[in-house]
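Below is one structure, written out as structure tokens, with a few remarks after it.
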Amino acid sequence: MFKPQYPRPDTYTPAIVRPTSTPVEHPAPAPAPAKAPNALGGLVQNSPGTALALAAGGVAGVLALASVAVSLLLAVAVTAVALSISGVVLLFLVRALRQEFKNH
């Protein structure tokens with residue numbers, strides 16, 4: 001039921017496409033109109049508001065990346081502290097069990 005069923009290799013016949021009429025020649029597209037050259041040589045002029053928005057967006061991006069990095073480092077630190085505490089507890093329990101078996 002869940003196994004795919006493939007056709008036998010000898011039943012496959014490729015479709016042969018033969019042109020039924022002569023090919024139609026399409027005219028070449030018209031060339032795009034030439035743009036007038038910019039006085040500043042293609043430089044984009046930004047208003048002070050646009051520059052401020054770009055700067056604010058960059059600062060927001062850096063702050064977002066920094067907060068992600070700090071949260072990842074904090075997660076690693078919390079995990080390290082938890083593992084070290086559990087290691088100390090396990091060491092204490094193993095020593096207590098060894099002393100109990102020595103006394104009996």
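In nm, what is the difference between 0.36 nm times the number of residues separating Val62 and Phe101 and their Cα-Cα distance? Write out the running numbers ahead of the final one.
On the way: separation 39, 0.36 × 39 = 14.04 nm, distance 5.84 nm.
My answer for the length gained is 8.2 nm.
Length gain on complete extension for the stretch Ala30 to Leu72, per 0.36 nm per residue less the alpha carbon to alpha carbon distance? Before the final figure, lay out each step's value.
On the way: separation 42, 0.36 × 42 = 15.12 nm, distance 5.69 nm.
Answer, rounded to one decimal: 9.4 nm.
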For region 64-104, the fraction of alpha-carbon pairs in successive 10 Å shells from zero, as %: 27, 25, 20, 15, 9, 3, 0
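None of the figures in this text is laboratory data; all of them are computed from the coordinates on show. Note that the structure is a prediction, hence the values are computed from the model and not measured.
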